[in-house]
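Engineer: Quick one: structure below, then a few questions.
The values are calculated or read from the model by the stated rules, or taken from the named source; none is laboratory data. Treat the numbers as computed from the prediction; the structure is a model and nothing was measured. Please note: Cβ atoms are built from the backbone with ideal geometry, for glycine as well, and neighbour counts cover all protein chains shown. To get the accessible areas, we keep the full protein, side chains included, count just its heavy atoms, and leave off ligands, DNA and RNA. Shrake-Rupley method; radii C 1.70, N 1.55, O 1.52, S 1.80 Å.
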Amino acid sequence: MSAVELKDVTKVFYGEKGAPISALNKINLDVRQGELMVLVGPSGCGKSTLLRMIAGLETVTEGLIEIEGRVVNRIPPKDRDVAMVFQNFALFPYMTVFENMAFGLKFRKIPKREIQRRVGAAAEILHVSELMDRKPKELSGGQRQRVAVGRAIVCEPKVFLFDEPLSNLDAKMRTQMRAEIARIHSQLRATMIFVTHDQTEAMTLGERICVLDKGIVMQVGKPMELYRNPKNKFVADFIGNPGMNFLKGRIDRIEDRYIFVPADVECPGNSIPIVVKYLETREHFPKENVELGVRPEDIGVFDAADAANEPATLPATVEYCEPLGHETLIYLRVGSSLLTARRPSDQGELPAGSVRIRIDLDRIQFFDPRTQQSIQ
């Protein structure tokens with residue numbers, strides 16, 4: 001049985017003059033039992049609204065929300081058996097860590113012995129046992145977030161909901177808390193839905209990822225499935241840091257082979273051969289106005305003089321380099337397009353000026369510029 005199932009879920013808000021504003025449009029999503037599902041997308045895409053609808057904090061305009069087979073559209077939040085962790089921790093400043101974690105249980109009139117057991121067990125999981133008598137102001141940001149997670153754990157809900165819980169932490173603490181949440185999920189094997197705008201969090205945490213944009217589901221899949229086989233340009237660009245590179249151009253046929261010719265790189269011989277098997281089974285493959293997509297790590301950068309006669313290379317100009325320690329990002333101008341290449345920092349002197357680039361033909365994808373969809 002699915003832990004959470006969304007069927008054609010739609011949310012419409014109304015502006016000051018009654019004009020409808022569509023926040024979510026016919027969302028269909030199946031969250032499996034014990035899964036950590038990540039909802040990711042840019043600000044305003046509807047991910048937090050969707051989470052709040054599952055929690056019961058927002059009403060559903062159309063469609064159904066089911067939790068373990070039960071339709072919950074008209075069931076109040078307290079009876080849905082879900083627990084939510086918010087972005088701002090939402091701890092009571094005058095209560096101790098123990099009192100904050102136990103508050104929901106006391107409200108539900110759980111026996112004191114059971115409260116002690118649940119809070120103690122959650123504190124052990126979260127490594128906050130030694131902090132039980134402290135107030136929130138005496139805790140670091142990461143410790144406060146652990147307490148907020150603990151308050152959800154003690155409720156033993158059917159579904160955990162996380163609404164961008166790490167966004168108020170610094171970069172190092174975010175990395176640590178990502179590892180903590182992954183460890184907690186592995187230990188509890190509970191169903192979790194995690195909202196973030198950070199694709200790095202999505203890639204590292206999610207067993208599956210749901211990518212949203214403008215209230216529409218763009219793609220759902222495992223992290224590497226979305227990374228290597230995006231269904232559209234939005235997912236290709238959003239998933240990955242940096243995102244996928246795109247080159248506009250056309251596909252020509254020369255005798256028994258196909259080549260990709262970049263739109264604004266007109267020097268003789270500057271084309272990329274394409275394996276025939278990529279095209280021969282695609283009757284409706286557009287022969288003009290396509291976009292070639294390639295990941296930064298699939299672009300090789302070479303000295304222009306050394307690679308001038310090499311096949312499948314294109315001329316480029318290095319705009320600037322960004323050393324990141326373990327790797328360097330190289331920003332390249334190819335015609336009017338700006339591409340990013342990634343390479344290990346130990347590969348020697350950084351390129352400068354005019355260079356040639358080689359694209360890994362086993363890793364390319366094509367997109368239809370009209371529909372933005374992948375051509376597969």
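Engineer: Among the residues of segment 14-34, write down those that are surrounded by fewer than 13 Cβ atoms within 10 Å (Cβ to Cβ) and either assigned to a strand (DSSP E or B) or of a type outside the set (A, V, I, L, M, F, W, C) (or both). Even if it seems obvious, please write down each step before you answer.
Structural biologist: Looking only at segment 14-34, we keep the residues that are surrounded by fewer than 13 Cβ atoms within 10 Å (Cβ to Cβ), and these are 14-21, 28.
14, 15, 16, 17, 18, 20, 21, 28, listed by residue number.
Engineer: From the list 93, 20, pick out the single residue that is modelled with pLDDT under 95 and in contact with a helix residue (DSSP H, G or I) (Cβ under 9 Å, 6 or more places away or on another chain).
Structural biologist: Within the list 93, 20, the selection yields 93.
Engineer: So, one more: In the set 196, 200, which member is among the hydroxyl-bearing types (Ser, Thr, Tyr) and either open to solvent by 40 Å² or more (accessible area, probe 1.4 Å) or over 17 Å from residue 240 (Cα atoms) (or both)?
Structural biologist: Only one candidate passes the filter, namely 200.
Engineer: May I ask you to list the residues in segment 319-376 that are of a type in the set (Ser, Thr, Tyr) and farther than 15 Å from residue 242 by Cβ?
Structural biologist: Across segment 319-376, the qualifying residues are 336, 345, 354, 371, 374.
Engineer: Right, another one. Within the group 110, 115, which residue is more than 35 Å from the chain's Cα centre (by Cα), open to solvent by less than 30 Å² (accessible area, probe 1.4 Å) and either over 19 Å from residue 180 (Cα atoms) or modelled with pLDDT of 90 or more (or both)?
Structural biologist: On inspection, the qualifying residue turns out to be 115.
Engineer: Go through (1) modelled with pLDDT of 95 or more; (2) open to solvent by less than 10 Å² (accessible area, probe 1.4 Å) one by one and return the number of the condition residue 7 breaks.
Structural biologist: If we test residue 7 against (1) modelled with pLDDT of 95 or more; (2) open to solvent by less than 10 Å² (accessible area, probe 1.4 Å), just (2) comes out false.
Engineer: Next up: Restricting attention to segment 43-80, and to residues there that are part of a loop (DSSP other than H, G, I, E, B), out of contact with any strand residue (DSSP E or B) (no Cβ under 7 Å at 6 or more places or on another chain) and not charged (D, E, K, R), which single residue is nearest to residue 198 (Cα to Cα)?
Structural biologist: 43
Engineer: Suppose we filter segment 124-179 for residues that are assigned to a loop (DSSP other than H, G, I, E, B) and either in contact (Cβ under 8 Å) with a residue 24 or more places away in the chain or under 13 Å from residue 89 (Cα atoms) (or both); how many remain?
Structural biologist: Applying the first criterion (assigned to a loop (DSSP other than H, G, I, E, B)) to segment 124-179 yields 127-128, 132-135, 139-140, 154-158, 164-170.
Still in the running and either in contact (Cβ under 8 Å) with a residue 24 or more places away in the chain or under 13 Å from residue 89 (Cα atoms) (or both): 128, 132-135, 139-140, 154-158, 164-170.
Total satisfying the criteria: 19.
Engineer: Only one residue in 120, 104, 141 is more than 30 Å from residue 218 (Cβ to Cβ), in contact with a Leu (Cβ under 6 Å, 6 or more places away or on another chain) and surrounded by fewer than 20 Cβ atoms within 10 Å (Cβ to Cβ), so which one is that? Before the answer, list the steps.
Structural biologist: Values: 120 fails: in contact with a Leu (Cβ under 6 Å, 6 or more places away or on another chain); 104 fails: in contact with a Leu (Cβ under 6 Å, 6 or more places away or on another chain).
Within the list 120, 104, 141, the selection yields 141.
Engineer: Could you please let me know if residue 37 is among the hydrophobic types (A, V, I, L, M, F, W, C), over 15 Å from residue 217 (Cβ atoms) and touching a residue at least 60 places away in the same chain (Cβ under 8 Å)?
Structural biologist: No, not satisfied.
Engineer: I need the full set of residues from segment 147-172 which are more than 24 Å from residue 78 (Cβ to Cβ) and surrounded by 23 or more Cβ atoms within 10 Å (Cβ to Cβ), in order please.
Structural biologist: Taking segment 147-172 and keeping what is more than 24 Å from residue 78 (Cβ to Cβ), we get 166-172.
The one that is more than 24 Å from residue 78 (Cβ to Cβ) and surrounded by 23 or more Cβ atoms within 10 Å (Cβ to Cβ): 166.
Engineer: Moving to a separate point now. Among the residues of segment 343-363, is any more than 20 Å from residue 303 (Cβ to Cβ) and more than 23 Å from the chain's Cα centre (by Cα)?
Structural biologist: Residues of segment 343-363 more than 20 Å from residue 303 (Cβ to Cβ): 361-363.
When the remaining residues are screened for being more than 23 Å from the chain's Cα centre (by Cα), the result is 361-362.
The answer is yes; a qualifying residue exists.
Engineer: Determine, yes or no, whether residue 338 is within 18 Å of residue 290 (Cα to Cα), without any contact (Cβ under 8 Å) to a residue 40 or more places away in the chain and not in a loop (DSSP other than H, G, I, E, B).
Structural biologist: On the way: within 18 Å of residue 290 (Cα to Cα): yes; without any contact (Cβ under 8 Å) to a residue 40 or more places away in the chain: yes; not in a loop (DSSP other than H, G, I, E, B): yes.
Here the answer is yes, as residue 338 does meet what is asked.
Engineer: Moving on to the next point. Among the residues of segment 274-290, is any at pLDDT 80 or above, among the charged types (D, E, K, R) and either surrounded by fewer than 19 Cβ atoms within 10 Å (Cβ to Cβ) or over 17 Å from residue 334 (Cα atoms) (or both)?
Structural biologist: Among the residues of segment 274-290, not one is at pLDDT 80 or above, among the charged types (D, E, K, R) and either surrounded by fewer than 19 Cβ atoms within 10 Å (Cβ to Cβ) or over 17 Å from residue 334 (Cα atoms) (or both), which makes the answer no.
Engineer: Report, by residue number, each residue of segment 207-230 that is of a type outside the set (Ser, Thr, Tyr), farther than 17 Å from residue 27 by Cα and open to solvent by 10 Å² or more (accessible area, probe 1.4 Å).
Structural biologist: Within segment 207-230, 207, 222, 223, 224, 225, 228, 229 meet the criteria.
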